[in-house]
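Single-structure report; data block below.
The values are calculated or read from the model by the stated rules, or taken from the named source; none is laboratory data. Since we're looking at a predicted model, the values are computed, not measured. Cβ placement follows ideal geometry from the backbone for every residue including glycine, while neighbour counts extend to all protein chains displayed. Accessible surface areas use protein heavy atoms only, side chains included; no ligands, DNA or RNA. Shrake-Rupley method; radii C 1.70, N 1.55, O 1.52, S 1.80 Å.
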Amino acid sequence: MSDDQHIPAPLRLFNSLTRMIEAFAPIEPGEARVYTCGPTVYNYQHIGNMRAYVFADTLGRTLSFKGYALRHVINITDVGHLTSDADAGDDKMEKAAAAKGQSAWDIAAFYTQEFKRDIAWLNVRAPARWTVATDYVSQMIDAATAIAVDYCYELPSGLYFDTSKVADYGRLARTTTDDGESRIEAVEGKRHAADFAIWRNTPPGETRQMEWDSPWGRGAPGWHLECSVMSRAELGLPFDIHTGGIDHREIHHPNEIAQNQAIQGLPGVHGALDCAEHSGARLWMHNNFLIDRGSKMSKSSGDFLRLQLLVDRGYHPLAYRLLCLQAHYRSELEFSWDNLAGALTRLKRLVMGVEGLKARAEGVTWQSPRLDYLRANLHPKLVPLLEQFDAAIADDLMTPRALPLLEEATAMKKVPVDEKLCLIAAFDQALGLNLLTLSRADLRVQPKDAQITPEEIEAELERRTAARAEKDFALSDEIRDALIARGVEVMDGDPLRWDWRLTLG
Ligand code: AMP
Ligand code: ZN
């Protein structure tokens, strides 16, 4: 795929396990097997969660852009996740079911659907496989049975993993079993504070909606076990990349790693995890958090920040995707409505630019062809942009550095428009902003509280234009004031030629 002049940038990614940037070297040449910890479907996901899926999708798209055959798995946790990441609290699903007076299965089905709609709005590609935890319970019991004797012990409350039985426990979190004390609430009889349940028995006298028979009693699998079993079932151990939000670096993923060592029969001695494959994945990647100073993200508050709220306020979901891409995935990103409005303006400009190119394009040759074809055939003025884009995303997904190349490509002078479109389509393969199909009209999302339709506004504005043409400024002002009263700001001379916008609240 490379020639002497244009060597594609080797993909380099940050590995949380080593805390270093490493060259991506897949286990099977040409293939990339990726597992993403998915949602616990007891409630809506907030836009912070969405950042995790935009990140995983951008990684997947980048792998495809670089020519790897991607096999991506995202799981749906519909049982086993407790209200605290440690071994304490109730099962989130059971608790939601009790609170809402509905069946846990119905709740799971509803929020799974809502989640899938949200990520589709964000142009997150569906994975090759969705794994639903309750579909894998018998495999979870088999895996727990296989490691029970050598790595686990039983307590009345269930089967516990003995973290002292594997080398380098907690390496990912940079903790050891000794300093795990403060993170994890005590369960009577646990040998070490960091030990965790891989099977949790239903307390005597209680019945759960989601419970199964097991060699240790009737109960449900532990959340950490679910991911180890589903990733192995669908991708095989070891696989290439495991992703999740940075909170998972502390407890969930160290516990998955400990189980993966046991499941693979590789407990090892100190230093065993120097060989990353013993952990179950070559690379562990984590997105940093979306921070919300207004604290609307918490799931307990009524008006919490989910994608639907952004849409209700008139923001296109892809403006949120662009907001995410404007920050590097390993940096914190602060959410604010102003930042979102800025991202929407940038997206509008990009879409306007592409619409302008499409209007001038002659052929329909702008479906993105392969990278090597582009490198060999693009107009010489565009090739450096392709090289810079490739270098930026290959450098641990530096999307903030890659994005301005879209604007540069659009503005480049004396280059055939078809070729520009072709390049933008190639960039968008990795970025997922739908730039070739979005229209300005799509970006004009109608806020939920709007008291007027776009058609009515356009009609009023036409009346106003006619009044001004006849120099009837009194009528023109009257029409504008009436629009303002209905929440419409008239934007004469807007640089984006947007003409009007709805103002809410
Ligand atoms: P959960 O449903 O709580 O398991 O979370 C789903 C995903 O969202 C996980 O990968 C979390 O690590 C991630 N996540 C949770 N909160 C945030 C946040 N504020 N910003 C970014 N990612 C988050
Ligand atoms: Zn997981």
Practice item. For the stretch 278-297, state whether one or more residues are open to solvent by less than 50 Å² (accessible area, probe 1.4 Å), away from ligand 1 (no atom under 15 Å from the Cβ), in contact with a strand residue (DSSP E or B) (Cβ under 9 Å, 6 or more places away or on another chain) and in a helix (DSSP H, G or I). Key: yes
_Residue in the stretch 156-175 that is under 18 Å from residue 94 (Cβ atoms), more than 16 Å from ligand 2 (Cβ to nearest atom) and not in a helix (DSSP H, G or I) present_ = yes
Q) Quick check: is even one residue across the stretch 310-327 under 29 Å from residue 227 (Cβ atoms), in contact (Cβ under 8 Å) with a residue 40 or more places away in the chain, open to solvent by 30 Å² or more (accessible area, probe 1.4 Å) and within 16 Å of ligand 1 (Cβ to nearest atom)? A) no
Filtering the stretch 124-167 down to residues that are farther than 27 Å from residue 114 by Cβ and of a type in the set (Val, Ile, Thr) yields 141, 145, 147, 149, 163, 166
From the option list 79, 41, single residue qualifying as at pLDDT below 90, within 15 Å of ligand 2 (Cβ to nearest atom), open to solvent by less than 10 Å² (accessible area, probe 1.4 Å) and not aromatic (Phe, Trp, Tyr) is 79
Just one listed residue, out of 487, 493, is under 30 Å from residue 410 (Cβ atoms) and either in the same structural domain as residue 375 (by TED's automatic domain parsing) or without any contact (Cβ under 8 Å) to a residue 40 or more places away in the chain (or both), and it is 493
(Q) Among the residues of the stretch 389-405, are any of a type in the set (Phe, Trp, Tyr) and at pLDDT 95 or above? (A) yes
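A quick yes/no check of all residues on (1) on the phi < 0 side of the Ramachandran plot; (2) touching a Ser or Thr at 6+ places or on another chain (Cβ under 6 Å); (3) within 16 Å of ligand 2 (Cβ to nearest atom):
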{"residue": "212", "(1), (2), (3)": "yes, no, no"}
{"residue": "217", "(1), (2), (3)": "no, no, no"}
{"residue": "220", "(1), (2), (3)": "yes, no, yes"}
{"residue": "225", "(1), (2), (3)": "yes, no, yes"}
{"residue": "229", "(1), (2), (3)": "yes, no, yes"}
{"residue": "242", "(1), (2), (3)": "yes, no, yes"}
{"residue": "250", "(1), (2), (3)": "yes, no, yes"}
{"residue": "257", "(1), (2), (3)": "yes, yes, yes"}
{"residue": "272", "(1), (2), (3)": "yes, no, no"}
Scanning the stretch 347-361 for residues that are out of contact with any helix residue (DSSP H, G or I) (no Cβ under 6 Å at 6 or more places or on another chain) and not aliphatic (A, V, I, L, M) gives 349, 355, 356, 358
The number of residues in the stretch 349-375 that are open to solvent by 80 Å² or more (accessible area, probe 1.4 Å) and in contact (Cβ under 8 Å) with a residue 60 or more places away in the chain is 2
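Yes/no per residue for (1) within 17 Å of residue 142 (Cβ to Cβ); (2) within 16 Å of ligand 1 (Cβ to nearest atom):
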position	(1), (2)
191	no, no
224	yes, yes
233	yes, no
236	yes, no
239	no, no
Residue hits (the stretch 274-292; small (Gly, Ala, Ser) and within 16 Å of ligand 2 (Cβ to nearest atom)) are 279, 280, 281
Sole miss for residue 471 among (1) part of a helix (DSSP H, G or I); (2) surrounded by fewer than 13 Cβ atoms within 10 Å (Cβ to Cβ) is condition (1)
If we ask which residues in the stretch 421-468 are open to solvent by 50 Å² or more (accessible area, probe 1.4 Å), within 17 Å of residue 346 (Cα to Cα) and either basic (Lys, Arg) or not in a loop (DSSP other than H, G, I, E, B) (or both), their number turns out to be 4
The strands (runs of 3 or more DSSP E) lying wholly within the stretch 182-261 that contain at least 2 residues that are out of contact with any helix residue (DSSP H, G or I) (no Cβ under 9 Å at 6 or more places or on another chain) are 196-201
